[in-house]
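Colleague: This is the structure I have questions about; it appears just below.
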Amino acid sequence: MTDLHRLSIRELSEGLKQAQFSSRELTEHYLKRIAHIDPKVKSYVTVTAEQALAEADAADAVLKSGNAHALAGIPLAHKDIFCTQGIKTTAGSKMLDNFISPYDATVVAKAKAVGLVTLGKVNMDEFAMGSTSENSYFGATSNPWALDRVPGGSSGGSAAAVAADLAPIATGTDTGGSIRQPASFCGLTGLKPTYGRVSRFGMIAYASSLDQGGPMARSAADCAYLMNVIAGHDSKDSTSVNKDVDDYVAKLNGTAVKGLRIGIPKQYFNVAGLDADVKARVEESLKKLEEMGATLVEIDLNMTEAYVPTYYLIAPAEASSNLSRYDGVRYGYRCDNPKDILDLYKRSRSEGFGAEVQRRILIGTYALSAGYYDAYYVKAQKVRRLIQQDFLKAFENVDVIAAPSAPTTAYKIGANLSPTEMYLGDIYTLAVNLAGLPAINAPVGFDKDSLPVGLQLIGNYWSESQLLSIVHQYQQNTDWHTKRAAIAEENA
Ligand code: GLN
């Protein structure tokens, strides 16, 4: 079988259950593709071939018994921010280059428990800070649609791996857009769940009040399968919410689009820097949804200008606190021959962290310091509440809100944007995290350079099922999600 990598998760699941192929064959197929194609894409930081084959054999045994979970034997890649027992977890940082976690993140443990096979760990911006994956200590990952372009970030390795068919599904995390923006840049479907839906236990912390894990895949249906595994309460994460989880797969075929009221924020489509092709493709997708029975309603989201400054105070403030644990004493990078304890702290942190991480630690420490705390941090928290209220008001009148996921398509590797230019590219994704809402990216076409464009749909709290179902119906009526980059068409 040469095109196992073209099958959807449902097809893989059925093929495995009917013994058309084994998990070992499927896993070997992906490992071979990774060996041949990933040197060009550079999505994996660590490939766990030996363990993957052992997991595949174990899954095959369960499949034979007839009692296997729908995902048993299907391979996946984990963003290198999820701790994996016995396997390096780097978070894209020199600081954790040799870090081996003594335990699995809950997301990883849940994936293992149903028999998903871990192919390896994929690249990301250092500590999830960035929008291109270029901030990784391990070097840049390429966008499968154009190898001289970035895949987006911070979950760029996850997006590139799936878009090049080097994994059928992947986990990602989203603190300010890191699932949706790389999904947009790589032509994938990616879901950022409601804050508290997916456990953060064992997920290396960037900004704890914003961080949330979620699925990245080719289609909403594939995302639904992975959500069924990773969603749910976890007593090891005090911010994980104890609330019933939907069967996301069973609920896909509702009538989500007919009668749906989609809010179109006036402010979002007048943002300076919104690319004309992105705008056109997003508007065409909305037209399609309208044809399918949705109603478009113009709405106001007045706080739009506050999104970037508010996020870039709160996220660095939390990061400065979270990253204080990397001090060269307990684990992680330690400088050579420290003179004294202060020298050990200083040099371990200056040598172990990259430039963007250091910038954010400095901004965050400043915003939290005595004398500036009220003016910056407390103020940002108040604005955060106003942003949330803005959304809640909008949801009194509409079911979901539409936006681009990013103002542009993927830019060139090494474009070297200034930090402010880079941060402004996050305009459409940050508010969702500040408010704790769920949102999904769906591919809706291409720009003049044949690069994918993404539509973002933002839902009310706990509306993951609805978002997946809307995109699923859109995908049954369109074929953007079936388009593959040339490199994905290559056979290994
Ligand atoms: N690009 C944003 C940042 O740099 C978001 C990153 C993320 O969601 N992890 O912080």
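The values are calculated or read from the model by the stated rules, or taken from the named source; none is laboratory data. All of these numbers come straight from a predicted model, not from anything done at the bench. Counting neighbours? That spans all protein chains shown, and the Cβs are built from the backbone with ideal geometry, glycine included.
Colleague: Of the residues ALA205, ALA220, ALA183, ALA161, only one is more than 28 Å from ASN460 (Cβ to Cβ) and either out of contact with any helix residue (DSSP H, G or I) (no Cβ under 7 Å at 6 or more places or on another chain) or in contact (Cβ under 8 Å) with a residue 40 or more places away in the chain (or both); which? Can you show your working first?
Modeller: Working: ALA205 fails: more than 28 Å from ASN460 (Cβ to Cβ); ALA220 fails: more than 28 Å from ASN460 (Cβ to Cβ); ALA183 fails: more than 28 Å from ASN460 (Cβ to Cβ).
None of the others qualify; the one that does is ALA161.
Colleague: On to the next question. Can you say whether MET203 is within 23 Å of the chain's Cα centre (by Cα) and at pLDDT 95 or above, as far as the supplied structure shows?
Modeller: Numbers: within 23 Å of the chain's Cα centre (by Cα): yes; at pLDDT 95 or above: yes.
It is true that MET203 is within 23 Å of the chain's Cα centre (by Cα) and at pLDDT 95 or above.
Colleague: Follow-up question, since we're still on this one. Quick one: is ARG281 assigned to a helix (DSSP H, G or I), buried (at least 16 other Cβ atoms within 10 Å of the Cβ) and in contact with a Cys (Cβ under 8 Å, 6 or more places away or on another chain)?
Modeller: Spelling it out, it is not the case that ARG281 is assigned to a helix (DSSP H, G or I), buried (at least 16 other Cβ atoms within 10 Å of the Cβ) and in contact with a Cys (Cβ under 8 Å, 6 or more places away or on another chain).
Colleague: Follow-up. Sort out which residues of the range 198-208 are away from the ligand (no atom under 16 Å from the Cβ) and farther than 19 Å from VAL122 by Cα, and write them in order of number.
Modeller: If we filter the range 198-208 for residues that are away from the ligand (no atom under 16 Å from the Cβ), which is where we start, we get 199, 201-202.
SER199 - this is the single residue of the range 198-208 that is away from the ligand (no atom under 16 Å from the Cβ) and farther than 19 Å from VAL122 by Cα.
Colleague: For the range 42-93, give me the residue count where each residue is in contact with a helix residue (DSSP H, G or I) (Cβ under 9 Å, 6 or more places away or on another chain), basic (Lys, Arg) and not in a strand (DSSP E or B).
Modeller: Here the count works out to 1.
Colleague: Here's a check for you: in the range 187-200, which residue that is closer than 16 Å to ILE458 by Cα and β-branched (Val, Ile, Thr) is nearest to the chain's Cα centre (by Cα)?
Modeller: In this case the residue turns out to be THR189.
Colleague: For the range 424-463, give me each residue that is within 12 Å of the ligand (Cβ to nearest atom) and surrounded by fewer than 19 Cβ atoms within 10 Å (Cβ to Cβ).
Modeller: LEU424
Colleague: Look through the range 172-186, keep the residues that are of a type in the set (Ser, Thr, Tyr) and over 21 Å from ALA485 (Cβ atoms), and return whichever of them is nearest to the chain's Cα centre (by Cα).
Modeller: So the first thing to find is which residues in the range 172-186 are of a type in the set (Ser, Thr, Tyr), and the list is 173, 175, 178, 184.
From the residues that got through so far, the ones that are over 21 Å from ALA485 (Cβ atoms) too are 173, 175.
Details: THR173: 4, THR175: 9 Å.
Result: THR173.
Colleague: Please determine whether any residue of the range 220-228 is more than 15 Å from the ligand (Cβ to nearest atom), part of a strand (DSSP E or B) and under 27 Å from SER133 (Cα atoms). Write out each step before concluding.
Modeller: The initial filter retains those residues of the range 220-228 that are more than 15 Å from the ligand (Cβ to nearest atom), namely 220-228.
Those still in the list that are part of a strand (DSSP E or B) too: none.
No, every residue in the range 220-228 fails to be more than 15 Å from the ligand (Cβ to nearest atom), part of a strand (DSSP E or B) and under 27 Å from SER133 (Cα atoms).
Colleague: Would you please name the residue that is farthest from LYS94 (Cα to Cα), looking only at residues in the range 385-404 that are small (Gly, Ala, Ser) and surrounded by 21 or more Cβ atoms within 10 Å (Cβ to Cβ)?
Modeller: Taking the range 385-404 first, the residues small (Gly, Ala, Ser) are 394, 402-403.
Those still in the list that are surrounded by 21 or more Cβ atoms within 10 Å (Cβ to Cβ) too: 402-403.
Values: ALA402: 38, ALA403: 36 Å.
If we take residues in the range 385-404 being small (Gly, Ala, Ser) and surrounded by 21 or more Cβ atoms within 10 Å (Cβ to Cβ), then ALA402 is farthest from LYS94 (Cα to Cα).
Colleague: Taking the range 359-384 as the region of interest, how many residues are surrounded by 13 or more Cβ atoms within 10 Å (Cβ to Cβ) and either of a type in the set (Lys, Arg) or touching an Asp or Glu at 6+ places or on another chain (Cβ under 8 Å) (or both)?
Modeller: Qualifying residue count for the region: 5.
Colleague: Across the range 318-331, what is the total count of residues that are surrounded by fewer than 20 Cβ atoms within 10 Å (Cβ to Cβ) and not in a helix (DSSP H, G or I)? Can you show your working first?
Modeller: Let us first name the residues in the range 318-331 that are surrounded by fewer than 20 Cβ atoms within 10 Å (Cβ to Cβ), namely 321-322, 324-325, 327, 329-331.
Those still in the list that are not in a helix (DSSP H, G or I) too: 327, 329-331.
Count: 4.
Colleague: Could I ask something else about it? Just for the range 315-337: of the residues that are touching a Ser or Thr at 6+ places or on another chain (Cβ under 7 Å) and not hydroxyl-bearing (Ser, Thr, Tyr), which one is farthest from ALA91 (Cα to Cα)?
Modeller: CYS335
Colleague: Still on this structure, please answer the following. Please verify whether ASP211 is away from the ligand (no atom under 16 Å from the Cβ) and either free of Cβ contacts under 8 Å to residues at least 24 places away in the same chain or charged (D, E, K, R) (or both), treating the condition exactly as stated.
Modeller: Working: away from the ligand (no atom under 16 Å from the Cβ): no; either free of Cβ contacts under 8 Å to residues at least 24 places away in the same chain or charged (D, E, K, R) (or both): yes.
No, not satisfied.
Colleague: Residues that are touching a strand residue (DSSP E or B) at 6+ places or on another chain (Cβ under 6 Å), part of a strand (DSSP E or B), farther than 21 Å from GLN212 by Cβ and at pLDDT 95 or above: does the range 130-138 have at least one? Write out each step before concluding.
Modeller: If we filter the range 130-138 for residues that are touching a strand residue (DSSP E or B) at 6+ places or on another chain (Cβ under 6 Å), which is where we start, we get 138.
So of that shortlist, the ones also part of a strand (DSSP E or B) come out as none.
The answer is no, given that none of the residues of the range 130-138 is touching a strand residue (DSSP E or B) at 6+ places or on another chain (Cβ under 6 Å), part of a strand (DSSP E or B), farther than 21 Å from GLN212 by Cβ and at pLDDT 95 or above.
Colleague: Also, quick follow-up: Scan the range 13-41 and report the pairs whose first residue is over 13 Å from ALA68 (Cβ atoms) and whose second residue is assigned to a helix (DSSP H, G or I) and small (Gly, Ala, Ser), with Cβ atoms within less than 6 Å and a gap of 6+ or a chain change.
Modeller: Matching pairs, first to second residue: PHE21/GLY15; ARG24/ALA56; THR27/ALA52; THR27/ALA56; LEU31/ALA49; VAL41/ALA160.
Colleague: To continue, here is another question. Looking at (1) crowded, with 20+ Cβ neighbours inside 10 Å; (2) within 25 Å of GLY459 (Cα to Cα); (3) more than 16 Å from the ligand (Cβ to nearest atom), find the lone condition where ALA315 falls short.
Modeller: Tallying (1) crowded, with 20+ Cβ neighbours inside 10 Å; (2) within 25 Å of GLY459 (Cα to Cα); (3) more than 16 Å from the ligand (Cβ to nearest atom), ALA315 fails exactly one: (3).
Colleague: Restricting to the range 318-343, name every residue that is away from the ligand (no atom under 12 Å from the Cβ), within 19 Å of ALA355 (Cβ to Cβ) and touching a residue at least 40 places away in the same chain (Cβ under 8 Å).
Modeller: Once the filter is applied, which keeps residues that are away from the ligand (no atom under 12 Å from the Cβ), within 19 Å of ALA355 (Cβ to Cβ) and touching a residue at least 40 places away in the same chain (Cβ under 8 Å), the range 318-343 yields SER320, ASN322, LEU323, TYR326, GLY332, TYR333.
Colleague: Related question: Quick check on my filter: what residues within the range 1-12 are over 21 Å from MET216 (Cα atoms) and without any contact (Cβ under 8 Å) to a residue 40 or more places away in the chain? Spell out how you get there, then give the answer.
Modeller: At the first step, the residues of the range 1-12 found to be over 21 Å from MET216 (Cα atoms) are 1-2.
Correct list: MET1 only.
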